[in-house]
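Below is one structure, written out as structure tokens, with a few remarks after it.
The values are calculated or read from the model by the stated rules, or taken from the named source; none is laboratory data. Here the structure is a predicted model, which is why all the values come from computation and not from measurement. FYI the Cβ positions are ideal-geometry reconstructions off the backbone, even for glycines, and counts take in every protein chain you see. Ligands, DNA and RNA are excluded from the accessible area calculation, which covers all protein heavy atoms including side chains. Shrake-Rupley method; radii C 1.70, N 1.55, O 1.52, S 1.80 Å.
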Amino acid sequence: MAEYNFRDIEKKWQAYWAENKTFESKVDKSKPKFYALDMFPYPSGAGLHVGHPLGYIASDIVARFKRIKGYNVLHPMGFDAFGLPAEQYAIQTGQHPAVTTRQNIEKYKTQLKNMGFSFDWDKEVQTCDPKFYKWTQWITIQLFDSWYDKEKESARPVSELVTVFEQDGNEKLKAVCDDDTPVFSAKEWAGLTTGQQQRLLLKYRLCYLSETTVNWCPALGTVLSNDEVKDGFSERGGHPVIRKNMSQWSMRITAYAERLLHGLEVIDWPEPLKEMQRNWIGKSTGAELDFATEVEGVKIRVFTTRIDTIFGVTFLVLAPESELVEKLTTREQEEAVRTYVQTAQNRSERDRMSDVKTISGVFTGSYAIHPFSGEKVPVWVADYVLSGYGTGAVMAVPAGDSRDHAFARHFDLPIVKIIEGTEIEHEADDTKVGKMVNSGFLDGLEAMDAIDKAVEVAEEQAIGEAKINFRMRDAIFARQRYWGEPMPIYFKDNIPYPLPVEQLPLELPEIDAYKPTEDGEPPLGRARDWKPQEGSHYELSTMPGWAGSSWYFFRYMDAHNEDVLVDKEIQEYWENVDLYIGGSEHATGHLLYARFWTKFLYDLGYVNVDEPFKKLVNQGMIQGRSNFVYRIQGSNRFVSKNLKDQYETSAIHVDVNMVDNDILDIEKFKSWWPDLADAEFILEDGKYICGSEIEKMSKRYHNVVNPDDIVEKYGADTLRLYEMFLGPLEQFKPWNTNGIDGVFKFLRKFWNLFHDSQGNFRVSKEAPGKEALKIMHQTIKKAEEDIDRLSFNTSVSSFMICANELTRLQCNNREILENFVVILSPYAPHIAEELWAKLGHEESILNASFPSYHEDYFKEAAYEYPVSVNGKMRAKMSFALDMPHEDIEKQVLASEVIQRWTEGKTPRKVIIVPKKIVNIVV
RNA sequence: GCGGAUGUGGCGAAAUUGGUAGACGCACUAGACUUAGGAUCUAGCGCCGCGAGGCAUGGGGGUUCGAGUCCCUCCAUCCGCACCA
């Protein structure tokens, strides 16, 4: 009997697709386009586990669905191939990262191809390929050669900036630049040396070099961007991170803060993810205000969002790093302040964060003058004020801010009530509701109105102005590592210049080892004779991991173009990504940087969209389910889970592949390690039961399930269906193979619909019955609607119902089955292709078209209305489709059954919800 | 602390606009066919009750003829941010 033989079928069709380039996509203006993209993987040595394909399956279903709906689909795949693990491995083994990366990529591709994805492999990109990173470098040069015009809200070439400087200096210019940029006139500009001019221009460039405090990770020997640091440790490897001043390349992403925020309103992304980006950008609207001090010529500028509380200010606080600290410290306080500042500076990021609740600070000895009341307010230094945010100085309002309140109480500073009716003795009240009191000209105003009034007065008196601040910082754009894109920058006389475009790509040089040099230079310092010309040298840092991933989605459109990063016409056809699937862990990294670069390329006219991803879906991670055995301490005996409390045991992770339904395969276990060969076991009911826990799927927990094993045992189609069946795409869920049989049985049942008991292919031309038509059209409708809302699990269920029903009806009508094959094909492409071919079609099922459904087939002539009495379901009654309400009402009330439920009472009300329910209220 | 999400049988989960809660699958139970079954088929399967019926969507309250769905409140779990003035 010829059973459903998935192995042969899958092999056959994968070969067919490759040979016929079935998934190739070309610009075709006669069809609407659809761009379905997955976040490309980093090819790690461990290979794919069952969690990786989840998102790929979903996007593949959509891609295949859109194809049979008549769209021209771009569905590519590639590799984010630069990165730390390959480099760490290289440091340990001396093996070139390019070699291991290539091997890993091959492994990934084999695994991916086994799952039947409809990727157009001709469009594959690898970020570590010089042909690709040529353009990453090219974009970097464009960023270097651009500045941000606040007036036009757009990036512009630096050459135009130079023209502005030559004509007017920078006095009237509205541009985004470093905070310490001096004001100069055209005349002053003309008087500068080339070197001085270049240094000034760096303060405007979107890719720039500056002296900044960076996150330095000593263990990795490199700087990290803010999104790569989690709780004071590096995200990769978990090494401690310290603050350090260094000259570093950065990207002026802050120039785009406002647009990055606004853009969120027009894209279809999950709300939580948008919220994360909003938080990260951290816009706050407030005002800056100057406080004069007792020291001649020194003013303290503060940023506040609550200028309405200005009369509640009882002291000012400076960040320890503020340069005003020195100027304002009196002789008597000098010693104390210096000690405090030094302690604060020496604390690592980690210490400072873990110590948030400790209140510390020191008085500078001097006083500032309240701009409105003229009162003296003491100036303090405290590390709860951050140098990197706002102006590095705050006006403290203990009545309205809990930190100020705590500080005031700790150091016994006054607390002044400024909003009527608030209770502020023990706690600050930060609500903006109530009338102002003790507040001079603000008295009697509502807090919200007082904000506007205070800003108005401050601007009138020229002591302050409305101001918007962002929490987001510029992104560090260099790593002191080998395995990344070399910066296309060289230095001459200590001034950085971009490499001429025709010299790109600047390829990674060969080096003898992948560690930093003896004198602490990055690994590229080891490269010999690696310089553009005598007297100049290349930048030794490489780009961060996010460089290539910030624009790769454009490259797929035109992956082999050697002249431009993407052909304009081609890009204008594909525009941007219609559906992007990937993990939410990239919320404040990749997904922000990609938006930034897209907006930049848009400003310069290289692309015609300013958002890269129209719709984004976060697939939930598939977690691992770890199993444990319990070793009796100091022995080679293992005790079953429910008996373990009788002994002193330690739990040991055991490879989940030796465990079935928590029952340990003792023979396999014994051969796991040599010293387990003579292990003894204390069993319960003759079995060894393992403990279990949900953890991240990882090699070190021995809980990795390889999709290859599932494909081998059940086939790729079953794996695809099962991963979708597991639950909603967005949800996190542990991997569990328990239910996979059900899905496999469905495929076999589906196969059997087309085959007789001898295994001969068999469909009939006999007209299908009403019931068969009904279930078929319902299923078509469901399949279509479910894909539109990415509800794949419910779709799989409806396929099963359909197969059950058709089997029960013994229906093997040709057209019905043909429709079924087509709607199933996005989910289980191999079996669908096979049956499609058996049905006599010569082309791939991707050339089929998705069937349309007709509600007539499953609409009944009459509706069955549930009837409820006082909201409680009581009976079912049939009514004709278009029966008027009055007739329905009459019929219901006349019914003896209903009379009984209403106990003969006359109803007060009869509610008829068309096509849904009839409710009688007594 | 702030922000966001989630909470439904033994388990994974359905329920698209408020309208018969638990579809579908797993596990389980009984039966059929079998030399046998980790194959297949049939039936059952939220809880209490012999039954009619009653109770059930984290707890409590509300709106409604009617609430898993809307509102308030509390609890639990997960995620993100965390001295951002």
For the stretch A:127-211, using Cα atoms only, the Rg and Dmax in Å read 14.4, 47
For the stretch A:647-763, what % of the accessible area comes from carbon and sulfur atoms, probe 1.4 Å? 47 percent
So for each of A:182-195, A:375-388 I average, over its residues, the number of other beta carbons within 10 Å; can you give me the resulting order with the highest mean first? A:375-388, A:182-195
Given charges of +1 on the Cβ of Lys and Arg and -1 on the Cβ of Asp and Glu, with all other atoms neutral, how large is the dipole of the stretch A:804-922 about its Cα centre, in debye to the nearest 20? 1040 debye
Principal semi-axes in Å for the stretch A:197-290 [√(5λ), Cα gyration tensor, largest first]: 26, 22, 14
First compute the accessible area of the stretch A:194-282 with a 1.4 Å probe, then give the percent of it belonging to carbon and sulfur atoms. 51 percent
List, largest first, the extents of the alpha carbons of the stretch A:498-652 along their principal axes, each in whole Å. 74, 48, 25
What's the Kirkwood radius of the stretch A:1-134 in Å, using all Cα pairs? 16.6 Å
Just the number: Rg to Rh for the stretch A:242-321, Cα atoms, Kirkwood Rh, two decimals. 1.09
I want to check the label-to-label distance for residue A:460 and residue A:197. Put each point 7 Å from Cα in the C-beta direction and report it in nm to one decimal. 4.6 nm
Where only protein heavy atoms count, and the probe is 1.4 Å, what is the accessible area per residue for chain A in Å²? 46 Å²
Size descriptor, Kirkwood hydrodynamic radius, that averages inverse alpha-carbon separations across the stretch A:220-369, Å: 19.1 Å
So what is the orientation-averaged projected area of the stretch A:868-910, using the convex hull of its C-alpha atoms, in nm²? 3.1 nm²
I need the P(r) histogram for chain A: all alpha carbon pairs, bin width 20 Å from 0 out to the longest distance, whole percents. 11, 32, 33, 20, 4, 0
Accessible area of the stretch A:361-443 with a 1.4 Å probe: how many percent of it is carbon plus sulfur? 49 percent
Report, by chain and number, residues whose modeled amide H sits under 5 Å from the one on residue A:868, excluding near sequence neighbours (fewer than 5 apart, same chain). A:874, A:918, A:919, A:920
For all pairs of alpha-carbon atoms in the stretch A:59-137, what percent lies in each bin of width 5 Å, listed from the first bin to the last filled one? 3, 13, 19, 19, 16, 13, 9, 4, 2, 1, 0
Tell me, what HN-Hα J-couplings in whole Hz come from the Karplus equation 6.51 cos²θ - 1.76 cosθ + 1.60 at θ = phi - 60° for each residue of the stretch A:816-826, using x for Gly and Pro? 4, 5, 4, 4, 4, 4, 5, 6, 7, 4, x
Charge-dipole axis of the stretch A:826-894 as Lys and Arg at +1 and Asp and Glu at -1 on Cβ define it, positive-most pick from A:857, A:845, A:892: A:892
How long are the three semi-axes of the equivalent ellipsoid for the stretch A:430-514, computed from the Cα gyration tensor as the root of 5 times each eigenvalue, in whole Å, largest first? 57, 17, 10
Under 5 Å, built H, 5+ apart or other chain: amide partners of residue A:248: A:210, A:211, A:212
Suppose the Debye formula is applied to equal point scatterers at every Cα of the stretch A:740-848; what is log10 I(q)/I(0) at q = 0.14, 0.15, 0.22, 0.23 Å⁻¹? -0.51, -0.59, -1.34, -1.46
For the stretch A:620-755, what is the Kirkwood hydrodynamic radius in Å, using each pair of distinct C-alpha atoms? 16.6 Å
What fraction, in whole percent, of alpha-carbon pairs in the stretch A:337-434 exceed 16 Å separation? 63 percent
All-pairs Cα distance distribution in the stretch A:686-730, expressed in whole percent, bin size 10 Å: 21, 36, 38, 5, 0
Suppose we take every Cα in the stretch A:49-105 and form the convex hull; what volume per residue is that in Å³? 96 Å³
Hull volume in cubic angstrom per residue (convex hull over the Cα atoms of the stretch A:477-540): 98 Å³
Gap separating the Cα centres of the stretch A:699-755 and the stretch A:605-637, nearest whole Å: 17 Å
With R₀ set to 60 angstrom, the calculated FRET efficiency between the beta-carbons of residue A:334 and residue A:93, to the nearest 0.05, is 0.65
Cross-link list A:615/A:859; A:107/A:713; A:26/A:568; A:12/A:33; A:131/A:615; A:11/A:109: which exceed 23 angstrom alpha carbon to alpha carbon? A:615/A:859; A:12/A:33; A:131/A:615
At 222 nm, what helix-only mean residue ellipticity would chain A give, in deg cm²/dmol to the nearest 500, using -39500 (n - 2.57) for each DSSP H run of four or more? -10000 deg cm²/dmol
So what is the relative contact order for chain A, in percent, with contacts set as C-alpha pairs under 8 Å and at least six apart? 13 percent
At most 10 other Cβ within 10 Å, DSSP loop - chymotrypsin sites (Phe, Trp or Tyr not before Pro), the stretch A:816-887: none
Give me the three principal axis extents of the stretch A:617-687 from the C-alpha atoms, as integers in angstrom, largest value leading. 50, 26, 24
Check which residues have an amide H placed less than 5 Å from residue A:126's amide H, if you skip close sequence neighbours. A:79
Given the peptides A:903-914, A:68-79, arrange them by the average over their residues of other C-beta atoms within 10 Å, most packed first. A:68-79, A:903-914
Semi-axes in Å, largest first, for the stretch A:548-619 (Cα gyration tensor, √(5λ)) are 21, 12, 11
Descending principal axes extents, the stretch A:377-421, alpha-carbon based, whole Å: 35, 20, 18
Normalised by the number of residues in the stretch A:550-695, what is the relative contact order in percent for Cα pairs under 8 Å and 6+ residues apart? 21 percent
Cα Rg, Dmax, the stretch A:162-217, angstrom units: 12.6, 44
